[in-house]
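A single structure is presented below for examination.
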Amino acid sequence: MSSHPYNYIALFVSRHELDARLRGLGYERLAKPIEHTHMTLAYRPDEVDTALFGEQAELEALGYGRDENNEGLLVRLASASERVRALADGVKTPHITLSVSGDGRPVDTARLDFGPITPFTLHAVFGGWHRDGFVDDTGDRA
């Protein structure tokens, strides 16, 4: 078991900002909207550099996809520090899961067929999803 409490590290975006950007575009959410929307950088990482927590970045949404189990956005990292960019470079299909069905798994969003959309930028913050069920973007700065 790792020595840190994080299931994954990610660039978290505001669900409110996402909803405002997508409102009026006719997108229909599946049964379970994702509360803490994010682009995963590493799942079950061996190490977590909490000094990066709170760093700001920008993501550009480029595509939208939906099937019976997953709904999401294809994104690219528009701006970030070199250290965050290095983590993002390892992500094969950068995406944000918006919602899943009762049987859907967020990890499967990467397999969607994303259609092009009018690109838009989202503000993101580097942080970690804690095993106890909360987002930490402050890290252990003791």
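The values are calculated or read from the model by the stated rules, or taken from the named source; none is laboratory data. Because the structure is predicted, anything quoted here is derived from the model rather than measured. Backbone-built Cβ (ideal geometry, glycine too); neighbour counts: all protein chains shown. Remember, those area values only see protein heavy atoms, side chains included, never the ligands or the DNA or RNA. Shrake-Rupley method; radii C 1.70, N 1.55, O 1.52, S 1.80 Å.
List the strands (runs of 3 or more DSSP E) that sit entirely inside the stretch 1-120 and contain at least 1 residues that are aromatic (Phe, Trp, Tyr) and open to solvent by 40 Å² or more (accessible area, probe 1.4 Å). Can you show your working first?
Numbers: elements: 6-13, 38-43, 56-66, 70-79, 95-100.
Here the list reads 38-43.
Still on this structure, please answer the following. When you go through 68, 82 one by one, which is the residue that is over 19 Å from residue 122 (Cα atoms) and at pLDDT 95 or above? Give the derivation first.
Values: 82 fails: over 19 Å from residue 122 (Cα atoms).
Result of the check over 68, 82: 68.
For residue 133, are the conditions met, namely being touching a Phe, Trp or Tyr at 6+ places or on another chain (Cβ under 9 Å) and open to solvent by less than 80 Å² (accessible area, probe 1.4 Å)?
On the way: touching a Phe, Trp or Tyr at 6+ places or on another chain (Cβ under 9 Å): no; open to solvent by less than 80 Å² (accessible area, probe 1.4 Å): yes.
No.
Restricting the search to the stretch 124-142, which residues are under 18 Å from residue 81 (Cβ atoms), at pLDDT 75 or above and in a loop (DSSP other than H, G, I, E, B)?
137
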